[in-house]
Each structure stands twice: as structure tokens, then as C-alpha cells.
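First comes the structure, then the notes that go with it.
The values are calculated or read from the model by the stated rules, or taken from the named source; none is laboratory data. Predicted model, so just to flag it, every value in this text is computed and none were measured. For neighbour counting, all protein chains shown are included, and Cβ atoms are generated from backbone atoms with ideal geometry for every residue, glycine included. Heavy atoms of the whole protein, side chains included, go into the accessibility calculation; ligands, DNA and RNA do not. Shrake-Rupley method; radii C 1.70, N 1.55, O 1.52, S 1.80 Å.
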Amino acid sequence: SGHAAQSFNDDQRKEIEGIIYEYITQKNPDALEAGLMNLQKRKQGEAESKIKEKIGTEKQKIFNDPDTPFAGNPKPAVTVTWFYDYQCGYCKSSEDALGKILKEEKDVKVVYKQFPVLGPSSMEAAKAVLASAKQGKFLAFHSALMGKKEHLTSDSIYQTAKQAGVDVEKLKKEMADKKYDEALSEMVRLGQDLGVQGTPFFVINDSYSPGALQYGDLKTMIAEARKGKAP
């Protein structure tokens, strides 16, 4: 098409552009909108199939990574993997819904992927919680941090750890181990590969959902996933 355009001189090209412009803006403004919407839909469709494809190729890392803590059934029909940040309000509302699901749905596993995007305190909290698993305190510490309404500071992270029954001196020593940095980098990389741009982000068997999910939404998606096949 580059060559064809060369065969018009400047005046002709201007005239053609003028005709097209007039056609779009005056005679048929809907065509422009429809065109843009189609483009958007196509882009969205491409993004969706890319994420679905990634879920297929990264199943092991998403659902069964040995370094990632989980709760619920170790041999589940449905796995809910969520990417979250301890300072994200929408994650906190999803936490309650997930807690309820875990109590009610005995064939569900919830996988906890850290995606600390809201600054250094989020990063520190993520690392501290991962390292607390060594003391068997992952869920207690995780829930305690999710229950905090205010922004986190270094002090409040360790204070919360203490309230959750974590030995803070031991925890700080454990956090010095580089493996926690590596595990976090791995989780963030996986999230980025999946196109996670913010938290929370859920992967439920073969499907996914960006943004907060309330109890009813989760219940519906889990029921749908159950009809399909386990990861």
C-alpha cells in the first residue's frame, strides 16, 4: 500500500483525506465508533486467548508450585490462585470471600501468590509472610495483615507478625535467606507473564478474572470450573 500512495500528488492526497474525513465525521460517525470498538474487541480477544494459553503452559507454576503456600484440599477439583498485595483494599474484601469458600467447599484449593505492587512496605510484607511459613504461621500472619485497614510500615508488619504468634527475631533471620527474594521474583514474573496489571487477579482452573471477586462471583466461577476439568 506504500507504493500506491506514492502515485498521488500532495493535492490529490489532501483531497482524498478530506473526503474520507468528511465521510467519517459527518455522514457516518458510527462507522468510526464501530471500527474502534471492533479493534478494541479484537485486541481484548487476542489478550484473552494469550492469557488462556499462558494458563495452559504454566499450569504447574500457577497451581502446584512447591514454594507457594496454599490452603484447602491438596487434591482439588478446583484451584483458585490469586495474586494480591497486602495493602490493596480490594484484596482485603476478597480475603473474606475466600475464607468462606474454604469453609464450605471441601474440594477447593486456594493458592497464595504475592504480587507486591504498592511499594516497599508491600514488598517487605510479602517477604515476611513467605518466610513465616517456616514457623508454620503463614495463614495466621497472612490473615492478620489482610485484616489491617491502614497502610503498612516496617514496624506495623512485625507488630502484626507478633500478634499472629510469629517469633519476630527468627523471622528476620529467615528473611535474610535469598530464596525468598527469588520466590517473590518468580511470583511477580509469573503474574506479569499472565498479564496481571493490578491486584487482585484470580485464576480459577482454566479461567481468570482481574479485579475483586465477591463471594457470589467466586461461588459461580468455582461451580463453572467444577464442570470442566481440574488443573
Within region 68-94, tally of residues that are without any contact (Cβ under 8 Å) to a residue 60 or more places away in the chain and open to solvent by 30 Å² or more (accessible area, probe 1.4 Å): 6
Residue in region 128-139 that is open to solvent by less than 40 Å² (accessible area, probe 1.4 Å) and touching a His at 6+ places or on another chain (Cβ under 9 Å) present: yes
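Being among the aromatic types (Phe, Trp, Tyr) and not in a loop (DSSP other than H, G, I, E, B) is the filter; apply it to region 68-86 and report the residue that is farthest from the chain's Cα centre (by Cα).
From region 68-86, those among the aromatic types (Phe, Trp, Tyr) are 70, 82-84, 86; that's our starting set.
Then keep just the ones that are not in a loop (DSSP other than H, G, I, E, B); that gives 70, 82-84.
On the way: PHE70: 16, TRP82: 6, PHE83: 4, TYR84: 7 Å.
My answer is PHE70.
Which one of these is in contact with a Ser or Thr (Cβ under 8 Å, 6 or more places away or on another chain) and touching a residue at least 40 places away in the same chain (Cβ under 8 Å): PHE141, PHE115? Write out each step before concluding.
Numbers: PHE141 fails: touching a residue at least 40 places away in the same chain (Cβ under 8 Å).
One residue alone meets the criteria, PHE115.
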Looking only at region 1-44, and only at residues there that are surrounded by 11 or more Cβ atoms within 10 Å (Cβ to Cβ) and outside any helix (DSSP H, G or I), the one that is modelled with the highest pLDDT: PHE8
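Just need a number here: residues in region 97-127 that are of a type in the set (A, V, I, L, M, F, W, C), touching a strand residue (DSSP E or B) at 6+ places or on another chain (Cβ under 8 Å) and buried (at least 18 other Cβ atoms within 10 Å of the Cβ).
Of all residues in region 97-127, those of a type in the set (A, V, I, L, M, F, W, C) come to 97-98, 101-102, 108, 110-111, 115, 117-118, 123, 125-126.
If we keep only those that are touching a strand residue (DSSP E or B) at 6+ places or on another chain (Cβ under 8 Å) too, we end up with 98, 101-102, 108, 110-111, 115, 126.
Next, from what is left, pick out any that are buried (at least 18 other Cβ atoms within 10 Å of the Cβ): 98, 101, 108, 110-111, 115, 126.
Residues that pass the stated criteria total 7.
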Odd one out for LYS92 among (1) farther than 22 Å from GLY211 by Cα; (2) charged (D, E, K, R); (3) assigned to a helix (DSSP H, G or I): (1)
Scope region 51-67; condition under 17 Å from PHE83 (Cβ atoms), open to solvent by 100 Å² or more (accessible area, probe 1.4 Å) and more than 14 Å from the chain's Cα centre (by Cα); matching residues: GLN60, ASP67
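Return yes or no: is ALA131 touching a strand residue (DSSP E or B) at 6+ places or on another chain (Cβ under 6 Å) and in contact (Cβ under 8 Å) with a residue 24 or more places away in the chain? Write out each step before concluding.
Details: touching a strand residue (DSSP E or B) at 6+ places or on another chain (Cβ under 6 Å): no; in contact (Cβ under 8 Å) with a residue 24 or more places away in the chain: yes.
So ALA131 fails the test.
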Checklist (1) of a type in the set (A, V, I, L, M, F, W, C); (2) within 19 Å of the chain's Cα centre (by Cα); (3) closer than 18 Å to GLU105 by Cα applied to ALA212, failing item: (3)
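Is it true that VAL203 is more than 14 Å from the chain's Cα centre (by Cα) and either assigned to a loop (DSSP other than H, G, I, E, B) or crowded, with 21+ Cβ neighbours inside 10 Å (or both)? Explain how you work it out, then say what you get.
Numbers: more than 14 Å from the chain's Cα centre (by Cα): no; either assigned to a loop (DSSP other than H, G, I, E, B) or crowded, with 21+ Cβ neighbours inside 10 Å (or both): yes.
When the stated conditions are applied, VAL203 does not pass them.
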